[in-house]
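Take a look at the structure below.
The values are calculated or read from the model by the stated rules, or taken from the named source; none is laboratory data. Remember, predicted model here, so these are calculated numbers, not experimental data. Note that each Cβ is placed from the backbone with ideal geometry, even for glycine, and that neighbours are counted across all protein chains shown. The protein model used for the area step is the full one, side chains on, heavy atoms only, and it has no ligands, DNA or RNA in it. Shrake-Rupley method; radii C 1.70, N 1.55, O 1.52, S 1.80 Å.
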Amino acid sequence: MAIAVLLVILAVAIIVATAFFYVSRIIYLPPKGRAVDYLNRKSRNNQRVIACIGDSLAHGNIGVSWVDLLRKEFPSDIFLNEGINGDVVWQVHQRLELILKCNPDIIILMIGSNDAMASFNSKSGKRYKRNNNLPNIPSFQSYQKLLPELLDKLISVDKVFLCTLPPIGEIKDSQVNQHVNKFNDFIRKTAQERDLSILAVSESLWSDLALREFSCINDYNPNSIPLMRRIYGGVMHHYIFKQPWDKIAKSNRQWLLFDQIHLGERAANIVFKVVKNAISKK
């Protein structure tokens with residue numbers, strides 16, 4: 001009997017480990033249609049090249065890719081998905097040269113959510129520095145320096161759209177969203193000073209959150225174990241049990257952000273519409 005129990009426990013452990021490595025592989029796959037893919041193809045055919053630069057919210061394998069929605073809407077254009085999971089603004093600097101070699105006509109820049117999470121508390125900052133091999137712990141002060149420097153490098157691009165950042169968690173007056181508001185205020189100020197078009201991603205998502213059909217009871221928890229449990233739990237339910245992201249969100253009493261960070265179907269469609277309206281040919 002004891003041997004049978006041990007065999008069952010061993011089998012369950014093997015299944016869980018296999019599922020974990022399976023979804024980890026999905027998470028770490030690069031997005032499709034990056035700048036390097038475009039440069040290797042060396043084919044433009046008078047198409048617009050639109051570079052979508054950011055983090056996992058653009059990458060789209062944890063949650064829904066609004067970049068893929070744009071590709072379906074504008075099949076005659078080329079969309080470079082330069083969203084990389086976990087990236088902070090410093091990391092975008094390091095990979096920008098290859099993107100600019102593609103001579104993009106339009107850039108959609110939505111970067112700063114990981115900077116906001118990393119600078120929310122000291123443990124998060126140390127974790128980001130270690131996991132991303134960063135030279136320094138991200139901070140709001142470093143973001144204030146690095147975002148304008150990044151925009152300086154985009155001066156040759158005809159049109160740059162700067163996006164405000166989505167919520168982190170779905171409680172509007174939470175400490176973390178007050179922290180995100182500082183980043184968004186700076187993004188708006190920077191766009192105004194540089195005469196750049198601002199895309200109201202944050203505002204559009206909060207407007208939809210006002211329609212939520214149930215109360216949100218869980219605030220954002222930045223600690224690594226509950227954070228990974230929310231992310232990996234959602235990814236497993238989607239890729240293994242084939243549940244829609246929004247259904248996973250609802251089971252966690254979330255409306256738009258299934259793990260309090262990443263976009264489900266409803267949220268990605270909102271971002272898609274904001275960007276679509278901006279880049280539609282007049």
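Against the numbered list (1) under 18 Å from ALA268 (Cα atoms); (2) in contact (Cβ under 8 Å) with a residue 24 or more places away in the chain; (3) among the charged types (D, E, K, R), ASP246 comes up short only at (2). Going through (1) surrounded by 24 or more Cβ atoms within 10 Å (Cβ to Cβ); (2) over 30 Å from ILE198 (Cα atoms) one by one, LEU256 falls short only on (2). Quick one: which residue in SER124, SER142 is over 23 Å from ALA268 (Cα atoms) and open to solvent by 10 Å² or more (accessible area, probe 1.4 Å)? The conditions single out SER142.
Selection within the range 145-170: residues that are among the β-branched types (Val, Ile, Thr) and over 20 Å from PHE258 (Cα atoms). The member of this set that is surrounded by the fewest Cβ atoms within 10 Å (Cβ to Cβ) is ILE155. Among the conditions (1) under 19 Å from the mean Cα position of the chain (by Cα); (2) modelled with pLDDT under 95; (3) among the charged types (D, E, K, R), GLU213 misses just one, which is (1). The residue pairs whose first member lies in the range 114-127 and is at pLDDT 95 or above, whose second member is buried (at least 18 other Cβ atoms within 10 Å of the Cβ) and among the charged types (D, E, K, R), and whose beta carbons are closer than 7 Å, counting only pairs six or more residues apart or on different chains, are ASN114/ASP55; ASN114/ASP87. The number of residues in the range 171-229 being assigned to a helix (DSSP H, G or I), surrounded by 12 or more Cβ atoms within 10 Å (Cβ to Cβ) and β-branched (Val, Ile, Thr) comes to 5.
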